[in-house]
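The values are calculated or read from the model by the stated rules, or taken from the named source; none is laboratory data. Since the model is a prediction, treat every value here as computed from it, not as a measurement. Heads up, the Cβs are rebuilt from the backbone with ideal geometry, glycines too, and the neighbour counts pull from every protein chain shown.
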Amino acid sequence: MDIINEFCGVEIDGRGVTTLTMRNAGRLNILDTPAITGLRMGLETLAKNDAIRVLVFRTESERAFIGGADIKEMARLDQASAETFITGLGQLCETVRQFPAPVIARIPGWCLGGGLEVAAACDFRVATATARFAMPEVKVGIPSVIHAALLPRLIGSGRARWLVMTGATIDATMARDWGFLDVVTTPDGLDGAIADLADELLGCGQQALRAQKELCRQWDELPLHESIQNSVAIFGRAFLTGEPQQHMQAFIDRKRTAT
């Protein structure tokens with residue numbers, strides 16, 4: 001593993017599948033200001049690497065994906081420092097969401113609060129059946145903010161309201177049934193399931209996937225008519241990459257061989 005900084009290690013295989021590992025954040029991979037900053041800087045560095053085709057976001061401890069923001073740090077905040085802290089966490093989530101290649105969250109255990117928001121900012125979420133999910137901020141006197149705003153789009157407004165207003169914990173089966181998780185597997189099968197998903201993504205055009213991710217972000221943010229109109233130019237630009245010609249010809253050649 002190459003070390004980008006104290007909180008961020010990276011491995012890149014020959015196919016462009018990249019694993020970013022959150023490091024040195026305790027047994028539950030807690031987000032304090034130094035960890036937030038280190039992860040954001042690591043992601044910004046990796047975003048400049050055009051060879052990256054898939055990013056797997058994982059954490060060092062298997063007890064959690066991310067166990068939330070640091071309560072000890074937040075307990076010392078006032079209004080101004082609270083806004084500074086949460087802005088930094090929001091910037092981390094947005095850096096994940098804006099990462100140019102598809103991002104897969106590897107979730108082996110607890111996924112709480114700010115950690116659930118980081119996971120929501122990823123494109124795909126793969127978890128073990130023993131993983132647990134909650135937005136417990138209201139139980140410690142604060143609202144869920146920043147990228148909790150993604151939850152109504154992912155799971156519906158009623159279920160999002162349930163999570164953020166009760167602070168209740170749900171299991172992996174419910175998280176999958178609600179649409180938050182894409183795959184639930186055994187602890188032993190977690191890395192295999194992620195590898196299978198990465199293989200599916202590698203079978204697609206790299207530039208096409210990046211364009212599709214851009215469109216998905218627009219669909220979350222823009223009115224329907226504007227989203228449709230904006231997609232025309234993105235479709236046209238795809239033909240400048242050479243990928244449509246390559247992949248479509250390969251499809252035609254396979255059909256000819258089959259007949």
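Let's see how each residue does on (1) more than 18 Å from Pro102 (Cβ to Cβ); (2) touching a helix residue (DSSP H, G or I) at 6+ places or on another chain (Cβ under 9 Å); (3) assigned to a helix (DSSP H, G or I); (4) in the same structural domain as Val17 (by TED's automatic domain parsing):
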site	(1), (2), (3), (4)
Arg161	yes, yes, yes, yes
Met165	yes, yes, yes, yes
Ala195	no, no, yes, yes
Ala211	no, yes, yes, no
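Examine segment 160-182 for a residue that is more than 18 Å from Ala64 (Cβ to Cβ), buried (at least 18 other Cβ atoms within 10 Å of the Cβ) and among the small types (Gly, Ala, Ser), and state whether such a residue exists. Checked against the condition, which is being more than 18 Å from Ala64 (Cβ to Cβ), buried (at least 18 other Cβ atoms within 10 Å of the Cβ) and among the small types (Gly, Ala, Ser), segment 160-182 yields at least one hit.
Looking at the structure I just gave you, is Arg27 among the basic types (Lys, Arg) and not in a loop (DSSP other than H, G, I, E, B)? Answer is no for this residue. The residues of segment 73-128 that are of a type in the set (A, V, I, L, M) and either touching an Asp or Glu at 6+ places or on another chain (Cβ under 8 Å) or surrounded by fewer than 21 Cβ atoms within 10 Å (Cβ to Cβ) (or both), listed by number, are Met74, Ala75, Leu77, Ala80, Ala82, Ile86, Leu89, Val103, Ile104, Ala121, Val126.
The condition of being at positive phi, out of contact with any Leu (no Cβ under 8 Å at 6 or more places or on another chain) and either touching a residue at least 24 places away in the same chain (Cβ under 8 Å) or not assigned by TED's automatic domain parsing to the domain that holds Gln98 (or both) holds for only one of Gly156, Gly141, Gly113, that being Gly113. The residues in segment 65-123 that are of a type outside the set (Lys, Arg) and outside any helix (DSSP H, G or I) can be counted, and the count is 26. Residues that are over 19 Å from Arg106 (Cα atoms) and acidic (Asp, Glu) do occur in segment 136-143.
If only residues of segment 191-216 that are within 23 Å of Asn230 (Cβ to Cβ) and free of Cβ contacts under 8 Å to residues at least 12 places away in the same chain are counted, the one that is surrounded by the most Cβ atoms within 10 Å (Cβ to Cβ) is Gln212.
Looking at segment 87-126, which of its residues are touching a Pro at 6+ places or on another chain (Cβ under 8 Å), more than 20 Å from Thr18 (Cβ to Cβ) and among the aromatic types (Phe, Trp, Tyr)? Within segment 87-126, no residue meets the criteria. Taken over segment 30-64, residues that are within 20 Å of Ala131 (Cβ to Cβ), β-branched (Val, Ile, Thr) and not in a loop (DSSP other than H, G, I, E, B) amount to 2. A residue that is among the β-branched types (Val, Ile, Thr) and touching a Phe, Trp or Tyr at 6+ places or on another chain (Cβ under 9 Å) can be found somewhere in segment 180-197.
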